[in-house]
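Working notes, beginning with the structure itself.
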Amino acid sequence: MATPEYTPFVFLLLLFQSSVWGFPVCQTPQESPTCGYKSCHATKPGMLNVHLVPHTHDDVGWLKTVDQYFYGDRNDIQHAGVQYILDSVVDQLLKNPDRRFIYVETAFFYRWWKQQTDDMQNTVKQLVNEGRLEFVNGGWCMSDEATTHYSAVIDQMTMGLRFLNDTFGHCGRPRVAWHIDPFGHAREHASMFAQMGYDGFFFGRLDYQDRNRRMVAREQEMLWRASESLTPPMADLFTGILPNGYNPPEGFCWDQSCDDPPIRDDPDLEDYNVDDVVTRFLHIAHGQALVYKTNHIIMTMGSDFQYENANLWYKNLDKLIRYVNQMQSNGSEVNVLYSTPSCYLQELHRANLTWPLKGDDFFPYADSAHDFWTGYFTSRPALKRYERISNSYLQTCKQLEVLGGPISGKGPFGAGDSETLKKAMAVAQHHDAVSGTEKQHVANDYARKLANGWAHCQVLVSNTLSSLSGSSAPRVYCEHLNISVCPLTETSKKFSVNVYNPLARPVSWPVRLPVNGTAYRISDAKGKAVDSQVVPVSQATAAVRRGRGYAVNELLFQVQAPPLGYSTYSVSLLQNGPPSPQSSPLPRAPKAVQNKFLRVTFDPETGLLSSLSNLETQQTVKLSQNFYWYNASDGNNSESIQMSGAYIFRPNTSTPFIISKTAKIETLQNSVVQEVRQWFSPWVSQVVRLYTDSRALELEWTVGPVPIGDDLGKEVISRLDSSINSSGVFYTDSNGREVLQRRKDYRPTWNLRQSEPIAGNYYPINSRAYIKDDKDQLTVVTDRSQGGGSIQDGSLEIMLHRRLLYDDVRGVGEPLNETSDIYPEGLVVRGRHLLSLSPPATAADTHRPLAQEVVLQPLITFTDGELHPSTRLEFSGLQAVLPPAVHLLTVSQWDQDTVLLRLEHQYQASESKEHSQPVTVNLQKLFSTLDVLGVSEMNLSANQWKDEMTRLDWKAESGEKPLPKRGGDPSVWEVSLKPMEIRTFLLRVRQR
Ligand SMILES: *[C@@H]1O[C@H](CO)[C@@H](O)[C@H](O)[C@H]1NC(C)=O
Ligand SMILES: *[C@@H]1O[C@H](CO)[C@@H](O)[C@H](O)[C@H]1NC(C)=O
Ligand SMILES: [Zn+2]
């Protein structure tokens, strides 16, 4: 995204604003635009109005990389070139002012815009101001809904919408959210879209049974009440299902990539077909009208990467409109027009109907009986994790850009920026990126872009930390601590560890560093000695790191860091040599492992978990855990030829194979951690870990290379089996926020005919899942998005890794069979599940903060040698800790003197007795290094001032009536947050 020029004019305005609402409002452009609803073509009240919506669906990477798609490179893979699409569409729009086009993916539009001349840019502005070219959705990409985290989705929407506002002003603001391709739809996405100010939402894919029922009942258009916590209509979103996915009706595709007959309208020539075309069209229109409620219907005239030669489409659409409307003089009551989703939406609104209310979500998505799109919830688990930690790193990078001020971008370590990682993360949210449904070379490109973003952020972080600490010692980053690789700590005799905490409350984490010494002295920022332990690197870790790094030991200690700040620990080697015998693991399972919060027992025969107790609440459940794999269907099956693939999960049998009934065990117990290392097979191992200060039991799993020598594709799960009486119900989060209830073989809005007992019961898990009964709730917090289900009562299974031998014929054209240079025989993936056991009434008090600590993890950096005595060892960017219910979702530099701030209430209504209460935050007492001079509230995507935000209101057939508006804040500076509320502010700041 282009950082907008900071004009002196705006600067002056800011300086001289006296009120705290000190931002200039959008000026009215001179040419008085007629964009938006005002630019819609007239419709005919007594007729069936058919809204033709010319559009292209441009994947921000899929079979080709985003840049290959932009230029039209590698057309041998897929013929697609977005630059030509935009060239051609603009040209064709100019030929006839009636024509319309919508554009969706700002990642592409931005690339194109940069290359245009001033003349062309002015021409395009004119088209936008007249509503002939309209942006819909408008985020950087069209995000995946099953595997994304809300914070990254908000960021990518903010980036795309800001570009549109900066470039086009209010005519660039999309009114409609448009997710025509994502493979199922998350309630949290609908909630976010509502809070971003969209008037409506359209999509293409939903379960085929759901669609059939909705067609009969004429319920393809509805009001989605997308939050159980937010007061209606805050999270209410009008939602429409498109008639034919996002394709044109059968026989009416006039793109160069299609074979349908053009309109041949010269009666003197062969094959005159106008009558035939009109008849077929009227037939389709009347059929479509039967399954929708109003006398308006929409047709999506376009598809993937269409309109590269837009003349073909428009020439035929012009004729279609002319000839179909000519029939009106013969009594036809069908009126066809060029339109856009917002013009169609406006007519639905004018119809003044009541709409069915939707409260759940659209997962899982099946397109026929054996074709459940539940595999991609887990596909490419390594990319999913990399995307998630990249989000953590980006938030830290943006915070440090604000806390460091100008020196962060240009300082002792050179030029750094957050922009590169912002863009890489925005691209990674696309529905073929983090979803894992792209070709291998494209997955590699997403990862490479993220890595490049990290490199740019590292310079920024180094600049800021050197400025805050007063030490310009070179800063070392170790990105492979999860496999105990860090050249500096492996060799250094004296180094310091800086722990940056991106959360708004102090947090304590365990640190595990690869070392070769056997004893170290560690002191904290106040010079106090810190308890530490040295333990041998496990064989599983040594095997997975494959010659990168040679540490024999790991140094373990607990660190703490203040809110939005850092703390520095000094480490010095005391003793070299082999690990001491006491630190070596014992070759047997302990009877129990416990700290002051939890106690876990193991079955001495099998080495598996056998129970989990919460010592504070004195509750115990039976609990075992093991690894299994489903044999992926190869399509050779009497019921259906569907294979398991990148999108689709289709096990061959409902009974998974156990990898091993018993685990070989090693046990290690010391003052920092107790761990039971379980070895199940050469490709599956796990560490069950309990840190001294933790309320959660950590299961660190390592899976891979998944063997395929037997020619069987494998989908590997971890399954917990407990004594909890869960009665066919379990719970999953939506995009990391609100939780939804899931019932086995059941959907809340239709009578399900279940045809896939496993795959049809899988749901996306973004950050947590749980099962519960009256007494006990067992929650699992995940470190990335994964698919999972509860197939038996008391059981919760989570899919970890998939290795498949066939393509699932949804277009990607490759089996999901990941290898790499380091792992040529198959990717190895490592991750963590954090388990907690609580009474249901207080479970959120543990899993909310826990999940947050996994999403926003500390950034650990190193400097070699002794620190200069003047170094500032501790820093906090906050004046005070925020209340536990409040999460600092965004702290990001906006313009030179402005900072974007998002405060979030992270509890649901009635989820926690203690925390599900309104809280108040004082904006002026927030930052320790910034004075807050002015504040303006914005919508969630920061492309509209809150007080200018108006949305179309919609009436629901049932459900409670929206309540009057919320009460105000105590004062301009003191803002209140209700459960699940996110508030977005632009702060005018001055560095202290
Ligand atoms: C919309 O319908 C309601 C009845 O449901 C009616 O009272 C109202 O006047 C209608 N509004 C318009 C603008 O037609
Ligand atoms: C949108 O952009 C215009 C300039 O094009 C600016 O004046 C306005 O403040 C922006 N609105 C928001 C909400 O940022
Ligand atoms: Zn797509």
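Residues are listed down the side, and each one gets a yes or a no for (1) more than 30 Å from the chain's Cα centre (by Cα); (2) hydroxyl-bearing (Ser, Thr, Tyr); (3) more than 29 Å from residue 61 (Cα to Cα); (4) assigned to a loop (DSSP other than H, G, I, E, B):
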position: 284; (1), (2), (3), (4): yes, no, yes, no
position: 288; (1), (2), (3), (4): yes, no, yes, no
position: 293; (1), (2), (3), (4): yes, no, yes, yes
position: 316; (1), (2), (3), (4): yes, no, yes, no
position: 320; (1), (2), (3), (4): yes, no, yes, no
position: 325; (1), (2), (3), (4): yes, no, yes, no
position: 328; (1), (2), (3), (4): yes, no, yes, no
position: 352; (1), (2), (3), (4): yes, no, yes, yes
position: 360; (1), (2), (3), (4): no, no, yes, yes
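Considering each of 912, 928, 941 in turn, give the residue that is polar (S, T, N, Q), under 19 Å from residue 845 (Cα atoms) and away from ligand 1 (no atom under 16 Å from the Cβ).
Of 912, 928, 941, the one residue that is polar (S, T, N, Q), under 19 Å from residue 845 (Cα atoms) and away from ligand 1 (no atom under 16 Å from the Cβ) is 912.
Could you grab me the full set of residues in segment 492-505 that are surrounded by fewer than 21 Cβ atoms within 10 Å (Cβ to Cβ) and either in contact with a Gly (Cβ under 9 Å, 6 or more places away or on another chain) or on the phi > 0 side of the Ramachandran plot (or both)?
493, 494
Residue 820 passes all but one of (1) in contact (Cβ under 8 Å) with a residue 24 or more places away in the chain; (2) part of a loop (DSSP other than H, G, I, E, B); (3) among the polar types (S, T, N, Q); which number fails?
So residue 820 meets the others, but not (1).
Report yes if some residue within segment 753-760 is without any contact (Cβ under 8 Å) to a residue 24 or more places away in the chain and more than 22 Å from the chain's Cα centre (by Cα); otherwise report no.
Checked segment 753-760: at least one residue is without any contact (Cβ under 8 Å) to a residue 24 or more places away in the chain and more than 22 Å from the chain's Cα centre (by Cα).
Just wondering, is there one or more residues in segment 737-746 that are assigned to a strand (DSSP E or B), within 30 Å of residue 217 (Cβ to Cβ) and of a type in the set (A, V, I, L, M)?
Within segment 737-746, one or more residues are assigned to a strand (DSSP E or B), within 30 Å of residue 217 (Cβ to Cβ) and of a type in the set (A, V, I, L, M).
Residue-wise test of (1) among the polar types (S, T, N, Q); (2) surrounded by 21 or more Cβ atoms within 10 Å (Cβ to Cβ).
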residue: 754; (1), (2): yes, no
residue: 757; (1), (2): no, no
residue: 761; (1), (2): yes, yes
residue: 764; (1), (2): no, yes
residue: 767; (1), (2): yes, yes
residue: 777; (1), (2): yes, yes
residue: 810; (1), (2): no, no
residue: 816; (1), (2): no, yes
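Pull up segment 913-925, narrow it to residues that are more than 21 Å from residue 848 (Cβ to Cβ) and open to solvent by 10 Å² or more (accessible area, probe 1.4 Å), then point me to the one that is nearest to the chain's Cα centre (by Cα).
Here the answer is 922.
Here are 910, 870, 928: which of them is out of contact with any Phe, Trp or Tyr (no Cβ under 9 Å at 6 or more places or on another chain), within 23 Å of residue 403 (Cα to Cα), surrounded by fewer than 21 Cβ atoms within 10 Å (Cβ to Cβ) and polar (S, T, N, Q)?
On inspection, the qualifying residue turns out to be 870.
Regarding segment 168-190, can at least one residue be identified that is closer than 21 Å to residue 39 by Cβ and modelled with pLDDT under 95?
yes
Condition check: over 28 Å from residue 445 (Cα atoms) and within 16 Å of ligand 3 (Cβ to nearest atom). Does residue 371 satisfy that?
no
Within segment 462-562, which strands (runs of 3 or more DSSP E) (wholly inside it) include 1 or more residues that are in contact (Cβ under 8 Å) with a residue 60 or more places away in the chain and touching a Pro at 6+ places or on another chain (Cβ under 8 Å)?
Counting at least 1 such residues, we get 494-501, 507-515, 532-536, 553-561.
Could you please let me know if residue 564 is under 35 Å from the mean Cα position of the chain (by Cα) and either of a type in the set (A, V, I, L, M) or open to solvent by less than 20 Å² (accessible area, probe 1.4 Å) (or both)?
So residue 564 fits the description; yes.
Quick check on my filter: what residues within segment 171-203 are away from ligand 2 (no atom under 16 Å from the Cβ) and closer than 24 Å to residue 132 by Cβ?
Correct list: 176, 177, 178, 179, 180, 199, 200, 201, 202.
Kindly indicate whether any position in segment 397-416 is in a helix (DSSP H, G or I), out of contact with any strand residue (DSSP E or B) (no Cβ under 8 Å at 6 or more places or on another chain) and open to solvent by 10 Å² or more (accessible area, probe 1.4 Å).
Yes, some residue in segment 397-416 is in a helix (DSSP H, G or I), out of contact with any strand residue (DSSP E or B) (no Cβ under 8 Å at 6 or more places or on another chain) and open to solvent by 10 Å² or more (accessible area, probe 1.4 Å).
Which residue out of 953, 895, 969, 931 is away from ligand 3 (no atom under 16 Å from the Cβ) and within 30 Å of residue 350 (Cα to Cα)?
So the residue among 953, 895, 969, 931 that is away from ligand 3 (no atom under 16 Å from the Cβ) and within 30 Å of residue 350 (Cα to Cα) is 953.
The values are calculated or read from the model by the stated rules, or taken from the named source; none is laboratory data. Worth saying up front: this structure is predicted, and the values here are computed from it rather than measured. Don't worry about glycine lacking a Cβ; one is built from the backbone with ideal geometry, like all the others, and counts go over all protein chains shown. Note: areas computed on protein heavy atoms with side chains; ligands, DNA, RNA excluded. Shrake-Rupley method; radii C 1.70, N 1.55, O 1.52, S 1.80 Å.
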